[in-house]
């Protein structure tokens with residue numbers, strides 16, 4: 001098998017059919033298959049993929065879990081089930097828009113024998129598929145490295161990735177993190193550069209969520225801290241300084257966000273106190289002693305005493 005497409009899904013009944021069709025519509029001069037890891041959905045997702053399996057038994061391979069095992073274990077199991085020389089990724093709520101995507105990426109990787117990953121820009125769309133924007137890249141160039149991945153904000157979109165299977169070694173800590181796509185990129189980048197194919201060939205779906213912006217920012221922040229801790233050791237601390245600089249920028253950005261949110265509210269209102277408590281907690285956790293000292297000067301002693309007693 002030349003290419004295996006790795007697709008994980010959970011409760012994607014609104015989107016999974018479009019994702020599957022985008023894969024099955026691929027026109028190639030080589031064999032490819034679609035490996036779907038279905039994580040015990042509570043909606044009609046499983047029935048939809050079973051129907052497609054019945055129509056395309058030779059093209060589709062299913063991993064049907066007997067219970068919900070979680071995103072990362074499902075992702076790892078589905079990756080292991082992919083037998084192609086190259087693996088492309090399309091999650092169950094994303095989709096591909098170019099029927100020649102796989103062909104183009106394989107050809108580019110063949111021409112660049114030392115490259116580990118090929119990726120491309122995608123359209124960001126809402127839940128209904130309406131266009132929001134095109135994915136951004138910080139600097140347009142032919143090749144990107146581990147340093148680029150560590151230095152820059154997320155710019156390699158998951159549904160755009162194709163990589164060499166023999167370049168991916170899945171470490172034991174892989175299931176302990178939350179951002180497996182980013183971890184995969186970092187791991188593969190140690191074996192070769194990432195090459196950019198400047199054609200929009202897919203769509204990444206941006207969901208509306210009940211999770212507040214601040215909570216999502218915090219979750220992403222701590223997820224990255226965990227990943228960087230594991231990857232730092234995995235790469236023998238070769239990128240220690242770069243990782244520390246990135247973490248520092250992340251901390252500063254998040255603290256600035258809470259400063260902004262605090263000042264948006266009326267002094268000592270519920271919103272003010274809530275955001276200040278979060279800000280105090282963040283600076284304490286991150287050991288920003290100098291910043292804490294500055295902040296304490298601007299906070300009434302009674303308020304400082306209250307939050308000190310609660311932390």
Residues satisfying the stated conditions in region 40-75, i.e. surrounded by fewer than 18 Cβ atoms within 10 Å (Cβ to Cβ), assigned to a helix (DSSP H, G or I) and in contact (Cβ under 8 Å) with a residue 40 or more places away in the chain:
71, 72, 73
Here are some conditions: (1) at pLDDT 65 or above; (2) loosely packed, with under 15 Cβ neighbours inside 10 Å; (3) out of contact with any strand residue (DSSP E or B) (no Cβ under 9 Å at 6 or more places or on another chain). Residue 285 meets all but one. Which one does it not meet?
(1)
Test: residue 157 is modelled with pLDDT of 95 or more and in contact with a helix residue (DSSP H, G or I) (Cβ under 7 Å, 6 or more places away or on another chain):
no
Only one of these conditions is not met by residue 143: (1) touching a helix residue (DSSP H, G or I) at 6+ places or on another chain (Cβ under 6 Å); (2) under 13 Å from residue 194 (Cβ atoms). Which number is it?
(1)
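The values are calculated or read from the model by the stated rules, or taken from the named source; none is laboratory data. As the structure is a computational prediction, the values presented were derived from the model and not from experiment. Here the Cβ is made from the backbone with ideal geometry for all residues, glycine too, and neighbour counts use every protein chain on show.
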